[in-house]
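The values are calculated or read from the model by the stated rules, or taken from the named source; none is laboratory data. Bear in mind the structure is a predicted one, so any value in this text is a computation, not a measurement. Cβ: placed from backbone, ideal geometry, glycine included. Neighbour counts: every protein chain shown.
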Amino acid sequence: MLRFRYGVVAAILVLQGMIASAAGDREEIDLSGAGWTLWQDTKAAWEKDELFLPPVDLSRLPVNFPSGGWDQLDRAPEKIAVSVPGTVEGYLGNGKGAGSDIKGVSWWCRTIQIPGDPAPRRFILRFESVRLRAEVFIDRKLVGYDLIGNTPFEVDITDHVKPGQRVRLALRITDPGGNFSWVDCDPIFQWGKYNIPLSHGFGGITGRVRLLSVADVFRGTRRIYLRRQGSFCHGDEPRETAQDGEARQESSVPGDLQYDQ
C-alpha cells in the first residue's frame, strides 16, 4: 500500500511538472476588445464568387484586395473604430431588426505585436467565430481562409511574421445574408450557385480573437488533434468524410456545400 501511495505521489509530481512546462511553452495574447477598425467595402463584388471548403490550398485561391487599394483601410473617411466581437449591423445598421441587414464585404483591421521570444516558436491566430466567410491577411498577404462560419478556426502565421515584429492584421469578411428569425422551415439559402445552410444574417467577428505563441512541438500535437476531431477542422492534410468515404482533395465544391461529419 505504501509503495502504491508513493507511486501515486510521484505520478502527480510528474504531471504537475509537465503542466508547468507546457504553460511555459505557451503564451496567449487576447486581441479582442478595442483597437480594431471597420470599413464597409460597398464596391466589392462577392455574389458570384467561387467558394472553397476546408482543407484549402491558399495558392489556388483568388486574392481579393480592398476596392480602391490597400490604403483605403487606413485612409477611408468611412472607417470607424470598433471592438471585437462585433457585427457590421451592430455598428452600421439602423437598428430596425431585419431592416438593418447589411450584406456584402467588410474589412476588420488592427495592428498586432508578435512576441519577441528568441527560442523557436510558432504563432497562431485563433478565432472563436466569424460570419460568414473570412479571408485573413497579414501585411496584405493572404494567410488564411474560412468558409464554415460560426465555428472556431485557426491560422498559422509563423511563416509570415518575425519575433518582435509589428504587423497589420486584416480580415475581409463576406456576409451573403441570412435569417433574422427562428423560423427553420427553409434550412438553406443561396449564395450565387451555392446552397448555404441557413444561419442568422449578422456579418462580422462574432467571437474572441487570440494570438498564440507556442513551442514548435505544438504544431505536431495540433495536427493530431484535428485529424481525430474530424468535422470543421482546418488541418493541413485531406481527411476522410462520411459523405463519400474518401479523402477530399478538392476544396471547391459546386452545388450544395456539404459539412464534414
### Query
How about region 141-170: which of its residues are surrounded by 16 or more Cβ atoms within 10 Å (Cβ to Cβ) and part of a loop (DSSP other than H, G, I, E, B)?
LEU147, ILE148, GLY149, ASN150, THR151, PRO152, ILE157, VAL161
### Summary
Per the filter on region 171-197, residues part of a loop (DSSP other than H, G, I, E, B) and surrounded by fewer than 19 Cβ atoms within 10 Å (Cβ to Cβ) are GLY177, PHE180, SER181, TRP182, VAL183, ASP184, CYS185, ASP186, PRO187, GLY192, LYS193
### Task
Return a yes/no flag: does region 97-111 have any residue that is more than 26 Å from LYS43 (Cβ to Cβ), touching a residue at least 40 places away in the same chain (Cβ under 8 Å) and either surrounded by 18 or more Cβ atoms within 10 Å (Cβ to Cβ) or in contact with a strand residue (DSSP E or B) (Cβ under 9 Å, 6 or more places away or on another chain) (or both).
no
#### Entry: Residue ID - farthest from GLY144 (Cα to Cα), chosen from residues in region 51-67 that are part of a helix (DSSP H, G or I) and in contact (Cβ under 8 Å) with a residue 40 or more places away in the chain
ARG60
### Message
Quick check on region 126-148: of everything there that is over 8 Å from the mean Cα position of the chain (by Cα) and free of Cβ contacts under 8 Å to residues at least 60 places away in the same chain, which residue is farthest from ILE196 (Cα to Cα)?
### Response
ASP139
### Query
Has region 29-41 got at least one residue that is at pLDDT below 95, closer than 19 Å to ALA215 by Cα and either of a type in the set (Val, Ile, Thr) or loosely packed, with under 14 Cβ neighbours inside 10 Å (or both)?
no
#### Entry: Failed item, numbered, when THR87 is tested on (1) of a type in the set (S, T, N, Q); (2) touching a Ser or Thr at 6+ places or on another chain (Cβ under 7 Å); (3) loosely packed, with under 11 Cβ neighbours inside 10 Å
(3)
